[in-house]
Amino acid sequence: MSNRTLIRGGLVVTAADEMHADVLVEDGRIAALAAHNSPVSQTWTAARTIDATNKYVLPGGVDAHTHMELPFGGTSASDTFETGTRAAAWGGTTTIIDFAVQSVGRALREGLDAWYAKADGNCAIDYGFHMILSDVNEQSLKEMDLLVEEGITSFKLFMAYPGVFYSDDGQILRAMQRSAVNGGLIMMHAENGIAIDVLVEQALAEGRTDPRYHGEVRKVLLEAEATHRAIQLARVAGAPLYVVHVSAEEAVAELATARDKGLPVFGETCPQYLFLSTDNLAEPDFEGAKYVCSTPLRPREHQAALWRGLRTNDLQVVSTDHCPFCFTGQKELGRGDFSKIPNGLPGVEHRMDLLHQAVVDGHISRRRWIEIACATPARMFGLYPKKGTIAPGADADIVIYDPHAEQTLSVRTHHMNVDYSAYEGRRITGQVETVLSRGDVVIDGRTFTGRAGHGVYTPRSTCQYLN
Ligand code: URP
Ligand code: ZN
Ligand code: ZN
């Protein structure tokens, strides 16, 4: 009884169903669901009852793409695992999958251990890791197998950032061949970085140094070309592929063509590509630097194709690619040279709300909201049904969501450790009210009641769309 919580009267929304149901939580897990006020649920008793009348009862969000504390561009992402996971909880996300980084010339193990240490004891919500392969060689290929067994079942490769994270086509093919055997999922940053660097050099030489040129040199065609090439390499290797942060209509078309052929190719987009555009990159007085990320923001015409892709399932997941850098002292590193602006946007706190706004605006249905933000990322990365749904036996990661609340996103009210909001002044209908993480209330009526160290490392099985 003392370890039981009862959530009564809400509309339970999962990727599959919507039902007015009462939810019984016991020992950190969902023990049972029953129709609201049914004879069964009326017998339930608990130490705490949460009244969810007129609210949604949702699975906690699963954000499969974050970069807490990432060293990048001569500085580090400004959210630590502590501040970033707390902000995630405020926004109704109860699991993140962050990226451990292999340094060039070093073992995967070394990078992974460093990321375990950064996160350990600091997270407010549960977390897992993908591994960034910066140096594909005999040794790191062998290590991939060990990591898959350990629950690190996905590996990010970069066709961009030569000299930093970049892998050439041969390295990519080898890593894909390995993943075809060990069951890992290759996540691809699909931009032709070699060609982009030529355009960067030419732009700077011609005095085109403002943030908006970041968007101009990182051309749509170079995202589409890399997406096409990644798909063909995955076909040759017989491996599945997940393309991260898809931003351009032409890249979605490449994914759609591959999926129409029945290939195991998946795509993720992010709120910034759905809600922001090159208009933001062009903001005067270097303000555009706040919106520098890669792939870059696109002209707003691309947004319709992304929404369509989410509806037609040519895109399956919305993650944040949360990688915040403060405007003062971090984004400013690129004054006079856009190529020195650290790449990345803050967003881990706002994904669930922005996607609810998309429901209100008619872009997606309520169940699709939960599918792309909770259930599919959990299945894609081997966490389902522990995460991503509300069902008996699942972790009690639950969000009580008020669909009628009105809020305005702002740096003044957000909880991310960053000195600006990419969505400053944006009005949102809907707000997270209460959040449970494995049965513990971590946000209680919009008060943070969680703690650093509550969140635990969560090993993952392989992609659940391939079995
Ligand atoms: O601009 C971005 N996306 N920064 C984070 C690193 C990456 O490529 O995902
Ligand atoms: Zn990337
Ligand atoms: Zn990223």
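Here are the numbers for the structure shown:
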{"item": "Condition check for Met144: within 16 Å of ligand 2 (Cβ to nearest atom) and either within 24 Å of the chain's Cα centre (by Cα) or at pLDDT below 95 (or both)", "result": "no"}
{"item": "Given (1) within 16 Å of ligand 1 (Cβ to nearest atom); (2) in a helix (DSSP H, G or I); (3) closer than 30 Å to Val411 by Cα; (4) over 16 Å from the mean Cα position of the chain (by Cα), number of the condition Ser78 does not satisfy", "result": "(2)"}
{"item": "Filter result for the condition that a residue is of a type outside the set (A, V, I, L, M, F, W, C) and either farther than 25 Å from Phe99 by Cβ or at pLDDT below 95 (or both), over Pro240, Pro264, Pro284", "result": "Pro284"}
{"item": "Count - residues of segment 420-447 that are in contact with a strand residue (DSSP E or B) (Cβ under 7 Å, 6 or more places away or on another chain), touching a residue at least 60 places away in the same chain (Cβ under 8 Å) and farther than 30 Å from Asp279 by Cα", "result": "10"}
{"item": "Output for segment 81-104, where each listed residue is within 16 Å of ligand 3 (Cβ to nearest atom) and either under 12 Å from the mean Cα position of the chain (by Cα) or assigned to a loop (DSSP other than H, G, I, E, B) (or both)", "result": "Ala88, Thr93, Ile96, Ile97, Asp98, Phe99, Gln102"}
{"item": "Members of segment 148-175 found to be hydrophobic (A, V, I, L, M, F, W, C), closer than 14 Å to Ile186 by Cα and surrounded by 19 or more Cβ atoms within 10 Å (Cβ to Cβ), listed by number", "result": "Val148, Ile152, Phe155, Leu157, Phe158, Met159, Ile172, Ala175"}
{"item": "Candidates His363, His356, His350, His322 - the one that is over 17 Å from the mean Cα position of the chain (by Cα) and under 23 Å from Pro59 (Cα atoms)", "result": "His363"}
{"item": "Residues (in a loop (DSSP other than H, G, I, E, B) and on the phi < 0 side of the Ramachandran plot) located in segment 105-115", "result": "Arg106, Ala107"}
{"item": "Which numbered condition Glu283 fails, given (1) within 16 Å of ligand 1 (Cβ to nearest atom); (2) touching a Phe, Trp or Tyr at 6+ places or on another chain (Cβ under 8 Å); (3) of a type outside the set (S, T, N, Q)", "result": "(1)"}
{"item": "Within segment 245-264, considering residues that are crowded, with 24+ Cβ neighbours inside 10 Å, under 21 Å from the mean Cα position of the chain (by Cα) and not polar (S, T, N, Q), the one nearest to ligand 3 (Cβ to nearest atom)", "result": "His245"}
{"item": "Entirely in segment 382-459, the strands (runs of 3 or more DSSP E) that have 1 or more residues that are among the polar types (S, T, N, Q)", "result": "398-408, 427-437"}
{"item": "Per-region count, segment 135-178, residues farther than 22 Å from Glu268 by Cα, β-branched (Val, Ile, Thr) and away from ligand 3 (no atom under 16 Å from the Cβ)", "result": "1"}
{"item": "Residues of segment 337-352 classified as assigned to a loop (DSSP other than H, G, I, E, B) and either free of Cβ contacts under 8 Å to residues at least 60 places away in the same chain or away from ligand 1 (no atom under 14 Å from the Cβ) (or both), total", "result": "3"}
{"item": "Residue check, Lys340 more than 22 Å from Leu221 (Cα to Cα) and either within 16 Å of ligand 2 (Cβ to nearest atom) or surrounded by 19 or more Cβ atoms within 10 Å (Cβ to Cβ) (or both)", "result": "no"}
{"item": "Top-ranked residue in segment 316-327 [being within 16 Å of ligand 2 (Cβ to nearest atom), in contact (Cβ under 8 Å) with a residue 60 or more places away in the chain and not acidic (Asp, Glu); ranked as farthest from Glu249 (Cα to Cα)]", "result": "Phe325"}
{"item": "Members of segment 277-300 that are of a type outside the set (Gly, Ala, Ser) and either over 20 Å from Arg212 (Cβ atoms) or within 16 Å of ligand 3 (Cβ to nearest atom) (or both)", "result": "Tyr291, Val292, Cys293, Thr295, Pro296, Leu297"}
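The values are calculated or read from the model by the stated rules, or taken from the named source; none is laboratory data. The structure presented is a predicted model; accordingly, all values stated were derived computationally and were not measured. Neighbour counts run over all protein chains shown; Cβ positions are idealised from the backbone, glycine included.
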